[in-house]
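**Student:** One structure, pasted below without further comment.
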Amino acid sequence: MNARLLVTSAGSGASGNLVRSLRAGNASLTIVGCHDDQFILKNSTADRNYLVPSLSRPAWTRALRRIVAAEKIDLVIPTSDPDVAALSRARGPLAGRLFLPRAATVERCGDKYRLSEWLRVRGVPAPRTYRVTDLRHLERIFERLGNPSRAWCRIREGAGSRGAAPVAGPDQTRSWIRYWRDMRDVPVSAFTLSEYLPGRDFGCQSVWKDGRPALVKTYERLSYLGSASQPSEVSAVGALTKTVCEPGVVEISLRAIRAVDRKASGVFAVDLKEDADQVPRVTEINAGRFTSGTNLLDLTGKHNMTAVYLQLARGEAVDLHEEYEGTEHHYMLRDIDAVPRVFHADEFFDGVEDARG
């Protein structure tokens with residue numbers, strides 16, 4: 001399959017990992033990158049790279065169309081949520097070059113509050129979540145949550161745990177939101193409060209075509225990049241992550257995706273966290289893009305997920321149906337300025353001498 005691909009946000013960590021996975025699945029691919037930041041683009045590992053207008057401008061779509069035509073691109077693959085949203089709106093001009101969930105699905109998953117309400121109404125485990133409309137009403141929200149010692153405050157849209165923090169009551173919540181309102185221009189109405197989930201942190205990534213999952217894999221985040229400097233202490237970006245076999249996580253994740261789109265197509269990355277009773281609850285769904293840690297899932301097990309995604313996108317036969325690869329004991333280690341390292345537990349002490357005593 002000598003496909004020609006265009007990867008957005010080229011040069012970012014997420015795009016670099018995606019390119020690494022794609023090439024591991026098929027070394028014959030031609031990969032073109034684009035970004036609106038020339039400095040980030042300089043870090044791209046794509047075969048050819050293009051500087052494009054800002055994502056917020058209509059000229060961004062026109063530039064992508066020119067690149068698609070000039071490079072004879074078969075498929076455009078987004079690597080961030082804003083890229084997914086922009087490409088979802090540009091389906092007409094890029095018809096036949098996208099493999100994304102439906103526009104309504106992308107929009108629904110982009111709003112964490114709306115997603116939580118949607119899933120709970122349909123019986124999918126998700127944290128009880130309330131909108132913050134007025135700082136004077138925070139006591140009322142805490143009462144609805146049962147006056148817990150800790151709740152979870154976050155911005156209802158975006159990634160990277162932006163604006164997220166555990167809060168120990170209405171006064172602390174009020175101060176946190178005021179900071180973001182006054183110093184970062186984030187409106188009060190952008191925030192939500194939900195029940196705090198203290199358990200294990202899981203991810204489930206799957207690729208779909210016309211409402212049928214082809215391949216599913218799961219992982220657990222054990223530590224997080226930059227956690228020491230983040231009030232949230234957690235992030236979607238794991239520093240140490242491992243593959244796990246968790247059928248319960250898969251069952252809930254597939255239910256969640258079917259709840260948001262009965263005809264799901266493309267890639268879906270579901271984040272889940274256990275409650276006090278060890279029940280995984282869906283905290284968000286990234287629809288239309290691979291997780292930034294996708295190397296752990298693509299470079300281990302029988303199947304490379306990005307390779308399966310390309311086959312589905314191009315209408316090729318895939319001899320898989322709802323296959324769950326619950327492999328265990330593979331780890332991925334990530335750090336700033338380092339290429340992610342994927343290894344098996346048996347390799348922990350390869351090249352390492354134990355001098356602890």
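The values are calculated or read from the model by the stated rules, or taken from the named source; none is laboratory data. Note that this is a predicted model, so its numbers are computed, not measured. Every residue, glycine among them, receives a Cβ derived from its backbone with ideal geometry; neighbour counts consider all protein chains shown. Accessible surface areas use protein heavy atoms only, side chains included; no ligands, DNA or RNA. Shrake-Rupley method; radii C 1.70, N 1.55, O 1.52, S 1.80 Å.
**Student:** All but one of (1) surrounded by fewer than 19 Cβ atoms within 10 Å (Cβ to Cβ); (2) part of a loop (DSSP other than H, G, I, E, B) hold for Arg97; which doesn't?
**Tutor:** Against the list (1) surrounded by fewer than 19 Cβ atoms within 10 Å (Cβ to Cβ); (2) part of a loop (DSSP other than H, G, I, E, B), Arg97 comes up short only on (1).
**Student:** Does any residue in the range 340-357 that is more than 22 Å from Tyr224 (Cα to Cα) come within less than 6 Å, Cβ to Cβ, of a residue that is open to solvent by less than 90 Å² (accessible area, probe 1.4 Å) and acidic (Asp, Glu) six or more places away or on a different chain, and which pairs are these?
**Tutor:** Partner pairs satisfying both residue conditions: none exist.
**Student:** Would you check which residues across the range 61-94 are assigned to a loop (DSSP other than H, G, I, E, B) and open to solvent by less than 10 Å² (accessible area, probe 1.4 Å) and list them?
**Tutor:** Ile73, Pro78, Ala90, Leu94
**Student:** With Gly248, Gly315 as the choices, which residue is open to solvent by 20 Å² or more (accessible area, probe 1.4 Å), closer than 20 Å to Phe99 by Cα and either out of contact with any strand residue (DSSP E or B) (no Cβ under 6 Å at 6 or more places or on another chain) or in a loop (DSSP other than H, G, I, E, B) (or both)?
**Tutor:** Gly315
**Student:** Same structure, new question: Arg102: under 30 Å from Ser175 (Cβ atoms) and open to solvent by 70 Å² or more (accessible area, probe 1.4 Å), yes or no?
**Tutor:** Spelling it out, it is not the case that Arg102 is under 30 Å from Ser175 (Cβ atoms) and open to solvent by 70 Å² or more (accessible area, probe 1.4 Å).
**Student:** In addition: I need the full set of residues from the range 25-52 which are touching a residue at least 12 places away in the same chain (Cβ under 8 Å), of a type in the set (A, V, I, L, M) and in a loop (DSSP other than H, G, I, E, B), in order please.
**Tutor:** Within the range 25-52, Leu29, Ala46, Val52 qualify.
**Student:** Tell me, please, whether a residue that is out of contact with any Asp or Glu (no Cβ under 9 Å at 6 or more places or on another chain) and of a type in the set (S, T, N, Q) can be found in the range 82-98.
**Tutor:** Among the residues of the range 82-98, not one is out of contact with any Asp or Glu (no Cβ under 9 Å at 6 or more places or on another chain) and of a type in the set (S, T, N, Q), which makes the answer no.
**Student:** Do we have any residue at all in the range 259-268 that's of a type in the set (D, E, K, R), closer than 22 Å to Tyr113 by Cβ, under 18 Å from the mean Cα position of the chain (by Cα) and open to solvent by 20 Å² or more (accessible area, probe 1.4 Å)?
**Tutor:** No, that holds for no residue.
**Student:** Which residues, counting only those in the range 289-319, are among the hydrophobic types (A, V, I, L, M, F, W, C) and either without any contact (Cβ under 8 Å) to a residue 24 or more places away in the chain or touching a His at 6+ places or on another chain (Cβ under 7 Å) (or both)?
**Tutor:** Leu296, Ala317
**Student:** Another question, if that's okay. Report, ordered by the first and then the second residue, all pairs with beta carbons closer than 7 Å, sequence separation of six or more or different chains, a first member in the range 1-24 that is in contact (Cβ under 8 Å) with a residue 40 or more places away in the chain, and a second member that is of a type in the set (Phe, Trp, Tyr) and assigned to a loop (DSSP other than H, G, I, E, B).
**Tutor:** Leu18/Phe290
**Student:** Is there a residue being assigned to a strand (DSSP E or B), aromatic (Phe, Trp, Tyr) and either under 16 Å from the mean Cα position of the chain (by Cα) or within 25 Å of Ala338 (Cβ to Cβ) (or both) anywhere in the range 212-235?
**Tutor:** The answer is yes; a qualifying residue exists.
**Student:** Further question on the same structure: Among the numbered conditions (1) surrounded by fewer than 20 Cβ atoms within 10 Å (Cβ to Cβ); (2) within 23 Å of Val237 (Cα to Cα), tell me where Thr291 comes up short.
**Tutor:** (1)
**Student:** Now for a different question. Across the range 236-245, which residue is most open to solvent (accessible area, probe 1.4 Å) among those that are part of a loop (DSSP other than H, G, I, E, B) and modelled with pLDDT of 95 or more?
**Tutor:** Cys245
**Student:** Can Ser194 be described as among the small types (Gly, Ala, Ser), in a helix (DSSP H, G or I) and open to solvent by less than 90 Å² (accessible area, probe 1.4 Å)?
**Tutor:** When the stated conditions are applied, Ser194 does not pass them.
**Student:** Taking into account only those residues within the range 13-54 that are hydroxyl-bearing (Ser, Thr, Tyr) and surrounded by fewer than 22 Cβ atoms within 10 Å (Cβ to Cβ), which is farthest from Leu297 (Cα to Cα)?
**Tutor:** Checked the range 13-54; the qualifying residue farthest from Leu297 (Cα to Cα) is Ser54.
**Student:** Additional query: So, of the residues in the range 129-182 that are open to solvent by less than 30 Å² (accessible area, probe 1.4 Å) and part of a loop (DSSP other than H, G, I, E, B), which turns out to be modelled with the lowest pLDDT?
**Tutor:** Among those residues, the one meeting the criterion is Gly163.
**Student:** Being assigned to a strand (DSSP E or B) and open to solvent by 10 Å² or more (accessible area, probe 1.4 Å) narrows it down to one residue among Arg281, Arg255; which is it?
**Tutor:** Just a single option satisfies the conditions, and that option is Arg281.
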